[in-house]
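The values are calculated or read from the model by the stated rules, or taken from the named source; none is laboratory data. Remember, predicted model here, so these are calculated numbers, not experimental data. Cβ sites come from the backbone with ideal geometry, for glycine too, and all protein chains shown count toward neighbours. Ligands, DNA and RNA are excluded from the accessible area calculation, which covers all protein heavy atoms including side chains. Shrake-Rupley method; radii C 1.70, N 1.55, O 1.52, S 1.80 Å.
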Amino acid sequence: MPSTSYLVAVLAIVFSITFALRALPFAVLRTLRGSAIVRQLSVWMPVGILAILAVTALRGTITTDPHGAGYALLAAPSPSASIWPSAAARS
């Protein structure tokens, strides 16, 4: 059984690394907030993530079920629903 001081040291190191890795994106984003690239990513990244999730979730259904294309048509409006509110807010 490791000593208490060893466990405390390991926990302190793990906490420090976790905190640094979670704080780093916010520190970088603060300096890039006015960037055009960050603004474009904030619009298109959620849509891309939704598309990847939809393709991943429906891949097995479409390939195994002969009527699986109908599920894909039902999932198609999801990315457009993500774009629509942000486009309306910009105009």
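Quick one: in the range 30-64, of everything that is over 12 Å from the mean Cα position of the chain (by Cα), of a type in the set (Gly, Ala, Ser) and under 17 Å from Leu74 (Cα atoms), which residue is surrounded by the fewest Cβ atoms within 10 Å (Cβ to Cβ)? Across the range 30-64, the extreme among qualifying residues is Gly60. Looking at Leu21, is it open to solvent by 60 Å² or more (accessible area, probe 1.4 Å) and at pLDDT below 85? No: the conditions fail for Leu21. Remark: pairs (first residue in the range 24-49, in contact (Cβ under 8 Å) with a residue 40 or more places away in the chain and assigned to a helix (DSSP H, G or I); second residue surrounded by 10 or more Cβ atoms within 10 Å (Cβ to Cβ) and among the hydrophobic types (A, V, I, L, M, F, W, C); Cβ separation under 9 Å; 6+ apart in sequence or on different chains) = Val43/Ile83; Val43/Ala87. On inspection, Ala27 passes the criterion of being farther than 30 Å from Pro77 by Cα and of a type in the set (Gly, Ala, Ser).
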